[in-house]
Amino acid sequence: MSPVRVLRLAAGGDGVAKLEDGRTVFVPRTAPGDLVELAAVREHKRFARARVGRLVEPGPHRVEPRCPHYLRDECGGCQMQHLDLDAQRGARRGFVGDALRRLAHLEVPDPELEPADKAYDYRTKLTLAVSEDRRRIGLHRYDRAEQVFDLEWCHITVPDLMGLWQTVRALRTLLPPRLSQVVLRRDRSGGRHLLLRSGESEVWSGAGRLHAELLRHHLRVTIWWQPEDGAARAVAGSDEAYPATVFEQVHPEMGDRVRAYALEQLGNVAARRVWDLYSGVGETTVALVEAGAEVESVESDRKAVSEAERRGPPARRHLGRVEDVLRELRRPELVIANPPRTGMDARVTEALARLGPSRLVYISCDPATLARDLGRLPGFRLAGVRAFDLFPQTAHVETVATLERDS
């Protein structure tokens with residue numbers, strides 16, 4: 001088979017090239033302009049997938065990855081470390097623009113993208129898998145989710161969590177015997193958390209010894225343990241109520257910039273009825289209340305709602321899935337929504353289309369589901385869209401779409 005030239009990147013980060021018969025072939029870890037020989041070709045009726053057999057000629061934007069795991073272990077956590085930052089950012093802009101044009105049938109250019117200050121060392125949460133034989137704790141290889149390699153250092157995670165990981169790795173004999181997952185997390189105040197998920201249902205009694213060893217290494221950490229089918233609870237280091245399992249952005253500085261921009265797009269909210277959908281721990285609700293809005297927030301995570309109530313200020317908060325509590329909400333004038341990667345349930349977009357708030361600001365972490373949901377919102381026009389580089393070195397991108405009711 002003749003070498004192929006990579007033309008562009010597809011959503012997800014795979015390179016796109018053409019086989020001799022005209023079919024599209026998707027090749028991970030390639031860059032636009034690369035000339036590559038293919039290996040492990042898997043042919044389908046209309047397309048194919050392959051891996052790089054040999055890089056014949058590098059494209060102009062190819063660089064050496066910083067992380068040794070990226071090439072040596074084929075780490076699946078990042079998809080774009082082999083690209084320079086300009087090419088990465090251009091690709092992520094393209095992922096959003098392509099989804100809006102192809103799936104939402106909107107004639108729009110690729111959006112402006114707000115870059116992150118840091119290309120590495122930014123993640124404040126890292127979830128590690130455990131191999132079936134429990135000999136390796138780390139991340140999955142790309143295209144082979146059943147394989148886990150032993151992680152030494154994740155270069156997109158903040159160094160103080162990786163410093164903690166170095167010590168935990170050395171103390172792995174003290175971890176629960178039926179460990180299934182490890183989560184390293186730094187909260188907003190700088191506190192570090194070690195969440196250990198286990199296949200065991202009985203109480204794990206080793207937290208005290210592990211905590212003592214961490215203190216001996218000058219590491220102050222709250223240790224959480226979560227048994228199978230049970231709730232996570234702090235077992236050493238602190239009795240605090242901070243819920244280590246609730247969702248917060250893994251890149252807090254960029255998350256703050258996304259929120260600030262989304263609120264700016266919402267406009268003047270004083271004395272107006274505003275829905276804050278998928279509200280998490282309530283940071284957007286706080287900003288809205290402080291700006292004088294009459295807020296109703298909806299969140300399905302009980303611990304996140306409890307944390308929002310603890311932080312304040314008082315607001316009308318609803319616990320449950322958005323689609324299940326719609327009938328309890330007063331008609332909104334403005335809506336801000338930050339759904340999960342799966343996007344909005346069809347019942348939510350139907351209700352928004354029927355109720356017709358004057359402005360809807362949609363924060364999305366998946367261009368495809370954003371485009372799908374925009375297509376379900378007749379009566380609105382897309383007034384603006386901006387992408388944010390929350391996840392450098394990866395194919396993920398955050399997007400804020402501003403919709404106005406079509407007069």
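Odds and ends about this structure:
- Residue check for PRO332: assigned to a loop (DSSP other than H, G, I, E, B), open to solvent by less than 40 Å² (accessible area, probe 1.4 Å) and either small (Gly, Ala, Ser) or farther than 30 Å from HIS61 by Cα (or both): yes
- Test for ALA315: is it without any contact (Cβ under 8 Å) to a residue 60 or more places away in the chain and farther than 24 Å from ARG405 by Cα: yes
- In the set ARG372, ARG327, ARG381, only one residue is more than 21 Å from GLY267 (Cβ to Cβ) and either free of Cβ contacts under 8 Å to residues at least 24 places away in the same chain or exposed (fewer than 15 other Cβ atoms within 10 Å of the Cβ) (or both); that residue is ARG327.
- Hits in segment 1-20 (condition: on the phi < 0 side of the Ramachandran plot, in a loop (DSSP other than H, G, I, E, B) and open to solvent by less than 100 Å² (accessible area, probe 1.4 Å)): SER2, PRO3, VAL6, ALA10, ALA11, ASP14, LEU19
- Selected residue [at pLDDT below 95, surrounded by fewer than 20 Cβ atoms within 10 Å (Cβ to Cβ) and either within 14 Å of ALA234 (Cα to Cα) or not aromatic (Phe, Trp, Tyr) (or both)] from SER198, SER189: SER189
- Scanning segment 108-130 for residues that are of a type outside the set (Val, Ile, Thr) and closer than 18 Å to ALA170 by Cβ, we see that the one that is nearest to the chain's Cα centre (by Cα) is LEU126.
Here's the yes/no breakdown for (1) within 23 Å of the chain's Cα centre (by Cα); (2) assigned to a helix (DSSP H, G or I); (3) of a type in the set (Lys, Arg):
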| site | (1), (2), (3) |
| --- | --- |
| ALA371 | yes, yes, no |
| GLY384 | yes, no, no |
| LEU390 | yes, no, no |
| ALA395 | yes, no, no |
| SER407 | no, no, no |
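- Scan of segment 350-369 for residues that are more than 20 Å from SER407 (Cβ to Cβ) and in contact with a helix residue (DSSP H, G or I) (Cβ under 7 Å, 6 or more places away or on another chain), ordered by number: ALA351, ILE363, SER364, PRO367, ALA368
- Looking only at segment 145-164, and only at residues there that are open to solvent by less than 10 Å² (accessible area, probe 1.4 Å) and over 21 Å from the mean Cα position of the chain (by Cα), the one that is farthest from GLY208 (Cα to Cα): PHE149
The values are calculated or read from the model by the stated rules, or taken from the named source; none is laboratory data. Note that the structure is a prediction, hence the values are computed from the model and not measured. So basically every Cβ, Gly included, is an ideal-geometry build from the backbone, and we count neighbours across all protein chains shown. Remember, those area values only see protein heavy atoms, side chains included, never the ligands or the DNA or RNA. Shrake-Rupley method; radii C 1.70, N 1.55, O 1.52, S 1.80 Å.
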